[in-house]
Amino acid sequence: MPGLRQAAAARAAPTGARPRELIGIAGGMGPLASAELLRTIYRTWLWDAEQDGPRMLLWSDPVTVDRTTAIDRGDLNALRSAVEHSVSGLVAAGADRVVIACVTAHHVLDRLPAAIAGRCVSLIDIIHEELGRASEPHLLLCTRGTIQAGLFERMLAEFPGLVTLAGEDQDALHGEIYRLKRGHPPSQAVVFLRDLLARYRMSAFVAACTELHLVTRAMEDSGQGGEFAVIDPLTVVATRIREGTL
């Protein structure tokens, strides 16, 4: 069974070669998740010199309105405005491509001006690609807002092996995600996820919330990465950035 590490050896450009594209991260939703993405990109050193490493720009703005709250209220204007401000700021600063480090915030991606929306890397599309290569059922783990926004409705119809949580379990996961946002140890969430997967008799899951990247990294660091198959879009993004293929 595949483990959590999805990285392959990167092909680093030699020193003095044309710099790689500048990749922006629209983060702060929440801050720990986007900071962990940056750490994941650089933690596996695959370059002869630091000048050969990926060129990154992190925009961490925690004041962005809570995504699930905005969806609950049916008022997406503030969320769209905040995401547009972050992405526009990154593009103005020179970013060639932008990763919005929040799955739920992708609900407003199609509401952004085409000129900046076209610069964004869709985590939803990445998950779709990875599910297309999967050979076993996956449990969909995400926020309540992501479910309410219908971001995975098409995939749920296309992939019968993609399983959603029952209502009370979805609420429990949502609470666990917000504990991660408040800085609770990811090791506690690892225990929660192991129990959840066991009850659903599943051995694979989709980390469809960027806070869960903290959990997949904790599992990897503790040697538990080989126990479950996982689709973690931030791990895929980090791998592609290291390889120069994003």
Criterion: in contact (Cβ under 8 Å) with a residue 40 or more places away in the chain, aliphatic (A, V, I, L, M) and either in contact with a helix residue (DSSP H, G or I) (Cβ under 9 Å, 6 or more places away or on another chain) or crowded, with 18+ Cβ neighbours inside 10 Å (or both) - qualifying residue of Val103, Val63: Val103
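Check whether at least one residue in the range 174-182 is acidic (Asp, Glu) and either free of Cβ contacts under 8 Å to residues at least 12 places away in the same chain or surrounded by fewer than 14 Cβ atoms within 10 Å (Cβ to Cβ) (or both), and report yes or no. Don't jump to the end; show me each part of the working.
Pass one, the range 174-182, residues acidic (Asp, Glu): 176.
Adding the requirement that they be either free of Cβ contacts under 8 Å to residues at least 12 places away in the same chain or surrounded by fewer than 14 Cβ atoms within 10 Å (Cβ to Cβ) (or both) leaves none.
No, the range 174-182 contains no residue that is acidic (Asp, Glu) and either free of Cβ contacts under 8 Å to residues at least 12 places away in the same chain or surrounded by fewer than 14 Cβ atoms within 10 Å (Cβ to Cβ) (or both).
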Any hit, the range 181-197, residues being modelled with pLDDT of 95 or more, outside the structural domain of Arg39 (by TED's automatic domain parsing), within 16 Å of the chain's Cα centre (by Cα) and basic (Lys, Arg): yes
Residue within the range 122-133 that is assigned to a loop (DSSP other than H, G, I, E, B) and either farther than 18 Å from Ala33 by Cα or β-branched (Val, Ile, Thr) (or both) present: no
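With the structure loaded, tell me whether Ala70 is under 21 Å from the mean Cα position of the chain (by Cα) and either assigned to a strand (DSSP E or B) or modelled with pLDDT of 95 or more (or both) or whether it fails that test. I'd like the intermediate steps shown before the answer.
Details: under 21 Å from the mean Cα position of the chain (by Cα): yes; either assigned to a strand (DSSP E or B) or modelled with pLDDT of 95 or more (or both): yes.
Here the answer is yes, as Ala70 does meet what is asked.
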Matching entry among Ala218, Ala189, Ala198 (being assigned to a helix (DSSP H, G or I), among the small types (Gly, Ala, Ser) and closer than 30 Å to Gly74 by Cβ): Ala189
Qualifying residue in the range 71-81 (condition: more than 20 Å from Val98 (Cβ to Cβ) and surrounded by 19 or more Cβ atoms within 10 Å (Cβ to Cβ)): yes
Check on Gln170, touching a residue at least 24 places away in the same chain (Cβ under 8 Å), touching a Cys at 6+ places or on another chain (Cβ under 9 Å) and farther than 24 Å from Ser60 by Cβ: yes
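Out of the residues in the range 221-243 meeting the condition of being part of a loop (DSSP other than H, G, I, E, B) and not acidic (Asp, Glu), tell me which one is modelled with the highest pLDDT.
Applying the first criterion (part of a loop (DSSP other than H, G, I, E, B)) to the range 221-243 yields 222-224, 228, 232.
Of the ones still in play, those that are also not acidic (Asp, Glu) are 222-224, 228.
Numbers: Ser222: 89, Gly223: 89, Gln224: 86, Phe228: 94.
Checked the range 221-243; the qualifying residue modelled with the highest pLDDT is Phe228.
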Those residues of the range 60-85 which are small (Gly, Ala, Ser) and within 22 Å of Thr235 (Cα to Cα), in sequence order: Ser60
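Quick check on this structure: which one of Ala207, Ala229 is touching an Asp or Glu at 6+ places or on another chain (Cβ under 7 Å), touching a residue at least 40 places away in the same chain (Cβ under 8 Å) and more than 23 Å from Leu79 (Cβ to Cβ)?
Numbers: Ala207 fails: more than 23 Å from Leu79 (Cβ to Cβ).
Being touching an Asp or Glu at 6+ places or on another chain (Cβ under 7 Å), touching a residue at least 40 places away in the same chain (Cβ under 8 Å) and more than 23 Å from Leu79 (Cβ to Cβ) holds for just one of Ala207, Ala229, which is Ala229.
Across the range 149-184, what is the total count of residues that are among the charged types (D, E, K, R) and not in a helix (DSSP H, G or I)?
Within the range 149-184, the subset among the charged types (D, E, K, R) is 153-154, 158, 168-169, 171, 176, 179, 181-182.
From what's left, not in a helix (DSSP H, G or I): 182.
So the count comes out to 1.
The values are calculated or read from the model by the stated rules, or taken from the named source; none is laboratory data. Everything numeric here is computed off the predicted structure, so don't read it as measured data. A quick note on method: Cβ atoms are made from the backbone with ideal geometry, for glycine too, and the neighbour counts reach across all protein chains shown.
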